[in-house]
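For reference, the structure is listed below as structure tokens.
The values are calculated or read from the model by the stated rules, or taken from the named source; none is laboratory data. Just so you know, these numbers come straight off a predicted model, no measurement behind them. Positions of Cβ are generated from backbone atoms using ideal geometry, with glycine treated the same way; all protein chains shown enter the neighbour counts. Please note that ligands, DNA and RNA were not included when accessible areas were found on the heavy atoms of the full protein model with its side chains. Shrake-Rupley method; radii C 1.70, N 1.55, O 1.52, S 1.80 Å.
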Amino acid sequence: MRAALLLSSLVLASTAHADVLGLTAEIGAFSPDATVKFSDHNTPSNTTDMDADSSRYYGIAFEHPLPLIPNIRLQGTSLESEGTVTSNVIFDGQVLSGQAKLDLSHTDYTFYYEFLDGLLWLDLDAGLTLRDFDGSIELNSEKSDLSEIIPMGYISAYAKIPGTSVSVGGELKTMAYGDSSITDTTIKVKYETPFLVGIEGGYRSMDIDLVDVDNKDVYSESSGVFIGAFIDF
């Protein structure tokens with residue numbers, strides 16, 4: 001009961017510092033390196049010789065002052081790799097190798113609260129993300145869909161450098177249940193101009209380990225730099 005009262009107090013207190021209404025949008029490019037392996041569920045898999053394609057991301061967030069009702073953030077990331085599987089893997093019940101494509105593109109639906117909003121130059125958000133994978137695996141002309149919605153914890157923290165328009169911080173989305181796990185970490189620097197628009201850049205790392213999704217086991221480690229632009233109303 002005390003924990004619930006404390007959480008409610010923090011959420012209610014945060015609204016005192018929140019914007020009446022807020023809208024933020026971002027778009028950019030992500031250039032990851034990738035390590036990938038996949039196979040049918042519970043069958044051996046080997047690391048493949050695959051390269052990550054240049055990726056795109058976008059996001060939009062809507063914030064409001066209504067108590068206890070979470071803010072909403074929508075983000076999308078294209079995440080594709082292609083190359084050659086040089087050793088045989090079991091895929092769709094067949095022993096295959098050859099040209100391969102892995103699509104782990106996804107949309108994140110995040111519901112979060114602002115616990116700090118510019119107080120002492122700090123922003124702190126936390127909540128829940130639902131990651132909706134809508135991708136596929138293709139190997140030697142055999143193709144299998146990858147479709148799954150996975151819940152993750154979400155936290156975002158930024159600090160504004162006093163006397164500047166520069167903010168430094170990061171975001172973390174993570175989950176682990178059963179044998180599956182996801183860790184998505186972003187380190188970001190943002191600069192906002194006097195005209196509401198700004199630029200952002202940093203480093204993002206995604207470790208995705210999916211077990212028995214559409215009868216497939218998939219592991220992908222993608223990390224690299226990104227750069228983009230945003231607008232904040």
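Results for (1) more than 15 Å from Asp132 (Cα to Cα); (2) small (Gly, Ala, Ser); (3) at pLDDT below 90; (4) crowded, with 17+ Cβ neighbours inside 10 Å, shown as yes or no for each residue.
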{"position": "Ile69", "(1), (2), (3), (4)": "yes, no, no, no"}
{"position": "Gln75", "(1), (2), (3), (4)": "no, no, no, yes"}
{"position": "Ser81", "(1), (2), (3), (4)": "yes, yes, no, yes"}
{"position": "Ser87", "(1), (2), (3), (4)": "yes, yes, yes, no"}
{"position": "Gln94", "(1), (2), (3), (4)": "yes, no, no, no"}
{"position": "Ser97", "(1), (2), (3), (4)": "yes, yes, yes, no"}
{"position": "Leu102", "(1), (2), (3), (4)": "yes, no, no, yes"}
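Out of the stretch 206-215, which residues are within 16 Å of Ser105 (Cα to Cα) and in a strand (DSSP E or B)? Show your work before the answer.
Filtering the stretch 206-215 down to residues within 16 Å of Ser105 (Cα to Cα) leaves 206-210, 213-214.
Matches in the stretch 206-215: Met206, Asp207, Ile208, Asp209, Leu210, Val213.
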Within the stretch 148-160, is there a residue that is of a type in the set (Phe, Trp, Tyr), out of contact with any Cys (no Cβ under 9 Å at 6 or more places or on another chain) and more than 23 Å from Asp33 (Cα to Cα)? yes
Got at least one residue in the stretch 51-64 being over 24 Å from the mean Cα position of the chain (by Cα), open to solvent by 30 Å² or more (accessible area, probe 1.4 Å), over 21 Å from Thr186 (Cβ atoms) and not small (Gly, Ala, Ser)? no
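Could you grab me the full set of residues in the stretch 24-44 that are more than 19 Å from the chain's Cα centre (by Cα) and open to solvent by 20 Å² or more (accessible area, probe 1.4 Å)?
Just the residues of the stretch 24-44 that are more than 19 Å from the chain's Cα centre (by Cα), to begin with: 37-44.
Result: Lys37, His41, Asn42, Thr43, Pro44.
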Looking for whichever is out of contact with any Asp or Glu (no Cβ under 6 Å at 6 or more places or on another chain) and within 23 Å of Ile227 (Cα to Cα) here; the options are Ser45, Ser78, Ser87. Which one fits? Ser78
Could you please find all residues in the stretch 106-139 being open to solvent by less than 30 Å² (accessible area, probe 1.4 Å) and over 16 Å from Thr185 (Cα atoms)? Tyr112, Glu114, Phe133, Gly135, Ser136, Ile137, Leu139
Only one of Ser205, Ser223, Ser167, Ser180 that is polar (S, T, N, Q) and at pLDDT below 95: Ser180
